[in-house]
Structure formats: C-alpha cells, structure tokens
1. Select from Ser47, Ser195, Ser18 the residue whose mean-square fluctuation is largest in a Gaussian network model of the chain (Cα-Cα springs shorter than 10 Å).
2. Could you tell me which of the pairs Lys45/Lys115; Lys79/Lys115; Lys156/Lys250; Lys162/Lys218; Lys154/Lys196; Lys250/Lys285 are separated by over 29 angstrom between their Cα atoms in the structure shown?
3. Please list 3J(HN,Hα) in residue order for region 127-132, calculated via the Karplus relation 6.51 cos²θ - 1.76 cosθ + 1.60 where θ = phi - 60°; whole Hz, with x for glycine and proline.
4. Considering only C-alpha atoms, what is the centroid distance from region 60-110 to region 136-207, in Å?
5. Put one equal scatterer on each alpha carbon of region 11-126, apply the Debye formula with no solvent term, and list log10 I(q)/I(0) at q = 0.12 1/Å to two decimals.
6. Which pairs break 21 Å Cα to Cα here: Lys139/Lys161; Lys87/Lys127; Lys179/Lys226; Lys19/Lys55?
7. Would you kindly derive the ³J(HN,Hα) couplings of region 54-66 from the backbone phi angles with the Karplus curve 6.51 cos²θ - 1.76 cosθ + 1.60 (θ = phi - 60°), listing them in order in whole Hz, with x for Gly and Pro?
8. Roll a 1.4 Å probe over the protein chains and send me the accessible area per residue for the chain in Å².
Amino acid sequence: MNNMQSTATRNDQSKLKSKAPADGSRRYDKGTFPAYDTEYQRLEKRSDILKGSIKNLKPNLIQLEGNDDGRYKQGGSWKTALIPLAKENLKEVYRDFKIWQKQQVRSGEALKPPKEWPDELLKERLKVEARLDVRRAEKFTVEKAIEQNKREEKRKRGQLKKQRLLPHGPLGKGVNPKKGFKEGTEVDGQVVKYSKSDVPYIDEPDSPYHQMPIFHYKKMVIQWRKEVGIDKQPFDLNGLREKRDEIHRKRCKEATAQGKEPPTKKLIVTPGKIAKWIDRLEITKADWPEWPEGAKSITELEQNESS
C-alpha cells in the first residue's frame with residue numbers, strides 16, 4: 001500500500017471532518033471530495049424518504065435507528081439498524097487506517113505513523129461517511145414528519161374539543177343524572193369531576209365555568225334559559241313561532257330577490273329543537289351568563305372547609 005497516497009489527496013485532507021451536522025446535511029461542500037459527492041448523491045436519489053414519499057413513519061424510524069441496542073426485528077430475525085451499521089462500518093475503516101499506519105512504520109516507509117490517509121482507505125472512509133450522513137438525513141426527515149403529524153393531530157383534537165365545549169351555550173345538557181356523575185361525564189361538553197368532599201364540579205380550563213360546582217351551574221342554567229326564552233318549563237313556543245315567521249319572511253324575500261323559488265316550509269318549533277334555535281336566535285358567547293352572584297369555585301369551597 002506504499003503507493004496509495006497522492007499529492008492531490010494529501011492537499012485535500014486538511015478539510016476532512018470527523019463530525020457531521022446532526023440533521024444529515026452534507027458534511028463537505030460539493031467538489032471537496034468527489035468520492036463523497038458521488039456516494040451521497042447516489043444514496044440520496046435512491047431514498048424514498050428524501051424524495052418526500054414517506055410511509056409508515058415509525059417503522060422507518062426503527063429501521064434507521066433501532067432500539068437501545070441499535071437493532072430491530074424483521075421477519076422473525078434481528079437486524080442491525082442502518083445508522084448503527086453505518087457507524088460500525090466507519091469504525092472499521094478507522095481500524096484499518098490504524099493498522100496501515102503501523103505497517104508503514106514497521107515496513108520502514110515512515111519513522112512515525114502517517115497522519116494522512118492513503119487514497120483507497122480515504123475513498124472508503126468518504127463513502128461510509130456519505131452513507132451515514134444520508135441515513136441521518138432520513139432520520140431527521142422522518143422525525144420531522146412525525147412531529148408535524150403530532151402537531152396536526154393536536155390541532156384537530158383542539159378543534160374537536162372546542163366544537164364539543166358548550167356548542168350552544170350552558171343549556172344544562174346532562175346536569176341531572178339519576179345516579180350521580182360517572183368519571184368523565186360531560187355537561188354541555190364540559191368534563192365533570194368530584195372534589196375531595198364529593199361535590200361535582202366542572203373541570204374544563206377552556207370553559208368560563210371552570211371549577212363551578214354543578215349546584216351553582218344548574219341554577220345558572222335555569223335562570224339563563226328563562227331569560228333568553230328557551231326554557232322548557234314553560235317553553236316560549238309562541239315567541240319562537242313569531243321569530244320563526246320573521247325568519248321565513250326574510251328567506252322568502254332573499255330568494256325572490258335572487259330569482260329563486262321562495263321556501264315553502266317553515267322552521268320547526270318544538271322543545272327538542274332548542275339547540276338549533278340558539279343559533280337561529282343569534283345567541284352567541286357574548287350572551288352567555290356570568291357566574292351567579294355569591295357562587296364560589298370548588299377551590300374556594302374546599303379552602304373554606306379546611307380553614
């Protein structure tokens with residue numbers, strides 16, 4: 001291997017790097033080491049992950065990094081994951097380099113181990129470095145996609161929660177269970193829990209009635225429903241029918257102006273349609289009731305009892 005070194009290679013070796021960016025981006029600028037460029041580009045073009053075609057994110061990540069031992073199971077047998085395998089290959093190249101260094105001294109070619117790599121070993125090193133860097137780029141891409149999916153799922157869960165939470169205001173849906181509230185029971189989409197003293201209360205940080213005892217919530221709901229004219233007992237059917245007729249006339253006028261057939265059916269007015277009438281009467285969050293005067297949060301009640 002005495003003739004393995006060249007002047008061109010020796011001049012380039014000052015630019016060698018033992019560490020690379022964690023995200024797998026190129027370790028060397030293009031043109032610095034052609035052997036690295038060729039291998040990196042070859043593997044990059046073959047990678048479905050880096051092309052943007054990522055399926056089965058978690059299995060891909062396992063194949064890249066493996067478990068704590070750097071391995072993964074496939075088809076009933078254990079295999080070394082791609083990144084640990086590339087790292088081991090790189091260690092082997094370094095071991096071969098150390099062996100070559102000793103041989104140079106023992107064969108009388110050098111007085112001390114050369115620091116510069118011979119061409120063949122350098123080429124092998126650069127290829128393995130490129131392989132490791134591409135695998136890291138794949139890992140970074142998969143992890144980024146997983147995090148993006150998590151954020152999207154969290155966003156969707158948040159949207160669903162907002163839609164579930166007081167969808168038509170504090171109507172009192174679910175406030176009168178026959179045998180008490182079970183764990184996770186919801187009242188108007190708000191989770192109900194029990195305090196240390198067994199008092200049911202609303203546990204929903206995004207709700208304006210967070211920590212309100214159900215005792216106060218029930219009274220508030222009854223009063224509010226009467227005020228906005230949607231109380232079942234008595235249910236103001238006459239008032240809603242007048243509103244229904246007003247809405248019908250408005251729709252007929254709009255349809256005629258647009259050259260369309262005016263609607264023939266009117267909106268149904270029954271106690272079972274209360275939730276829909278909340279929207280029809282244009283009752284919004286701004287119209288929701290404030291906490292009843294004198295009502296205390298469950299925290300305040302617990303503190304008063306312990307003092």
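1. For the chain, modelled as a Gaussian network with Cα springs under 10 Å, the answer is Ser18.
2. Check vs 29 Å cut-off fails for Lys45/Lys115; Lys79/Lys115; Lys156/Lys250; Lys154/Lys196.
3. 5, 5, 4, 4, 4, 5
4. Taking the Cα centre of region 136-207 as reference, the centre of region 60-110 is 48 Å away.
5. Debye output, listed in q order: -0.60.
6. As for pairs spanning more than 21 Å Cα to Cα, those are Lys139/Lys161; Lys179/Lys226; Lys19/Lys55.
7. Here the 3J(HN,Hα) series is 10, 10, 6, 4, 5, x, 4, 5, 5, 5, 7, 10, x Hz.
8. On the way: 20420 Å² over 307 residues.
Value returned for the chain: 67 Å² of accessible area per residue.
The values are calculated or read from the model by the stated rules, or taken from the named source; none is laboratory data. This is a predicted model, so every value here is computed, not measured. Positions of Cβ are backbone-derived with ideal geometry, glycine not excepted, and every protein chain shown enters the neighbour counts. Note: accessible area is taken over every heavy atom of the protein model, side chains too, but ligands, DNA and RNA are not part of it. Shrake-Rupley method; radii C 1.70, N 1.55, O 1.52, S 1.80 Å.
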